[in-house]
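The values are calculated or read from the model by the stated rules, or taken from the named source; none is laboratory data. Here the structure is a predicted model, which means the values were calculated and not measured. For neighbour counting, all protein chains shown are included, and Cβ atoms are generated from backbone atoms with ideal geometry for every residue, glycine included. Keep in mind that these areas ignore ligands, DNA and RNA; they rest on the heavy atoms of the full protein, side chains included. Shrake-Rupley method; radii C 1.70, N 1.55, O 1.52, S 1.80 Å.
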Amino acid sequence: MSLEKLDILNVEQVSKDWLKAKLGVISASNIGNVLAKKGTATREGYMMELIAQIATGEMPELSAKSLEWGKDNEAMSRSAYEMLTSCDVEEVGFIYGNDRRYGVSPDGIIKGECKAVELKNPWNSKVHAEFLALDKIKPEYVYQVQFGMFVTGFEYWDFASYDPRFRKNQLKVLTLKRDLALMDRFENEVGAFILEMDIFLKRMNIVFGEQFE
């Protein structure tokens, strides 16, 4: 898919405009909740969270040391990635999928390529060590990257882990290829999730899209 065909919102990530654009929208970072078994607290809890965002027009504030650590190191990890791969990274705000019901906030799109990058800055250095030694990626991160490819149509997505506390190997990059079986699963389960969500919204006399007004 060419970049021109993507529904890209170019705002600064974590800004007020970015948060508003994501209200009630299924995000790549939470796609694992959508894939959870129907009837579980994980899936239903996430659905109600999105419904609450649509109803109130507000996004709950998140604050934690791990989030602050990631934010503080994002620019350095992006620069390290560009140096290692000799790629230029273009920052974008949010990329919507069909009907703006779901989307992804990549840490960057590779200029001149239909590929993006997910940069992780783990608070716990053990996570970076596992990635270096074992190529171990948390399942929720795999879903996140694969859903990014579902949204954008990209065939490849780099997953990178960066930890400035390591004296060596501060950055490692693996390229993940589009998983066709997961694409089918996303198509089916995201569609079912949205349909169920809309039933609840209708019952509450709420329409998706009101949160953006």
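So in segment 1-142, what percent of DSSP beta bridges are antiparallel if you round to the nearest 5? It would help to have the intermediate numbers written out before the result.
Details: 9 of 11 bridges.
Of all bridge pairs located within segment 1-142, approximately 80 percent are antiparallel.
Using DSSP H assignments, which helices in the chain have an axial alpha-carbon span of 27 Å or above and a mean Kyte-Doolittle hydropathy of 0.0 or higher?
180-203
What number, rounded to the nearest 500 deg cm²/dmol, is the helix-based mean residue ellipticity at 222 nm of the chain, given -39500 (n - 2.57) per DSSP H run of at least four residues and division by all its residues? Can you show the working numbers first?
Values: 7 runs with 96 residues, N = 213.
One gets -14500 deg cm²/dmol as the mean residue ellipticity at 222 nm.
Where the centre of each part is set by its Cα atoms, how far does segment 134-201 sit from segment 40-55, in angstrom?
Value for the Cα centre distance between the two parts: 21 Å.
For segment 115-187, just run the numbers: alpha carbon Rg, then divide by 2.2 N^0.38 Å, N being how many residues it has.
1.15
Starting from segment 63-128, pick out the trypsin sites (Lys or Arg not before Pro) whose DSSP state is loop and whose Cβ has at most 15 other Cβ atoms within 10 Å. It would help to have the intermediate numbers written out before the result.
Numbers: sites: LYS65, LYS71, ARG78, ARG100, ARG101, LYS111, LYS115, LYS120, LYS126; in loops: ARG101, LYS111.
In loop regions of segment 63-128 (DSSP not H, G, I, E or B), the sparsely surrounded trypsin sites (Lys or Arg not before Pro) are LYS111.
Quick one: with all protein chains in place, what share of the accessible area of the chain is carbon or sulfur, to the nearest percent (1.4 Å probe)? Don't skip to the end; give the middle numbers.
Values: 6010 of 11750 Å².
Carbon and sulfur together cover 51 percent of it.
Can you compute 3J(HN,Hα) from phi for each residue in segment 93-106, using the Karplus curve 6.51 cos²θ - 1.76 cosθ + 1.60 with θ = phi - 60°, rounded to whole Hz and x for Gly and Pro?
x, 8, 10, 7, x, 4, 6, 6, 8, 8, x, 9, 10, x
Taking the alpha-carbon distance from LYS37 and a cut-off under 16 Å, which aspartates and glutamates remain once sequence neighbours fewer than 8 residues away in the same chain are dropped?
Those aspartates and glutamates meeting the cut-off are GLU140, GLU187, GLU189, GLU196.
Okay, which of segment 179-213 sit inside 18 Å, backbone N to the point 7 Å along the Cα-Cβ direction of GLU58?
Flagged as within label range: 210-213.
Hey, what's the chain come to in accessible area per residue, 1.4 Å probe, Å²?
Values: 11750 Å² over 213 residues.
With the other protein chains kept in place, the chain gives 55 Å² per residue.
Pull up all non-local amide H partners of LYS172: gap of 5 or more, or a different chain, and H-to-H distance under 5 Å with H placed in the peptide plane.
Long-range HN contacts for LYS172: SER161.
Computed over the Cα atoms of segment 1-49, what is the convex hull's projected area averaged over all directions, in nm²?
Values: hull surface 18.2 nm².
That works out to 4.5 nm².
Which trypsin sites (Lys or Arg not before Pro) does segment 1-55 hold that lie in a coil by DSSP with at most 15 other beta carbons within 10 Å?
Working: sites: LYS5, LYS16, LYS20, LYS22, LYS37, LYS38, ARG43; in loops: LYS22, LYS37, LYS38.
For trypsin sites (Lys or Arg not before Pro) across segment 1-55 that sit outside H, G, I, E and B with at most 15 neighbouring Cβ atoms in 10 Å, the list reads LYS37, LYS38.
For the chain, what relative contact order do you get, as a whole percent, if you take Cα pairs closer than 8 Å and at least 6 residues apart? Walk me through the numbers before you get to the answer.
Working: 323 pairs, mean separation 54.1, N = 213.
Relative contact order of the chain: 25 percent.
For LYS136, go through the lysines and keep the ones whose alpha-carbon is under 16 Å away, minus same-chain ones fewer than eight residues off.
LYS120, LYS126, LYS172, LYS177
Per residue, what volume in Å³ does the convex hull of the Cα atoms of segment 30-172 enclose?
On the way: hull volume 19.6 nm³, N = 143.
Given the Cα convex hull of segment 30-172, per-residue volume reads 137 Å³.
So, R0 is 41 Å and r is the distance between the beta-carbons of GLU189 and ARG167; what FRET efficiency does that work out to, to 0.05? Could you put the intermediate results ahead of the total?
On the way: r = 43 Å, r/R0 = 1.04.
FRET efficiency, GLU189 to ARG167: 0.45.
Averaging over every viewing direction, what projected area does the convex hull of the Cα atoms of segment 14-88 cover, in nm²? Don't skip to the end; give the middle numbers.
Working: hull surface 27.3 nm².
Mean projected area for segment 14-88: 6.8 nm², to one decimal.
Pop a pseudo-label 7 angstrom from the Cα along the beta-carbon direction at both SER15 and ARG178 and give the gap in nm to one decimal.
With each label point 7 Å from Cα toward Cβ, the separation is 3.0 nm.
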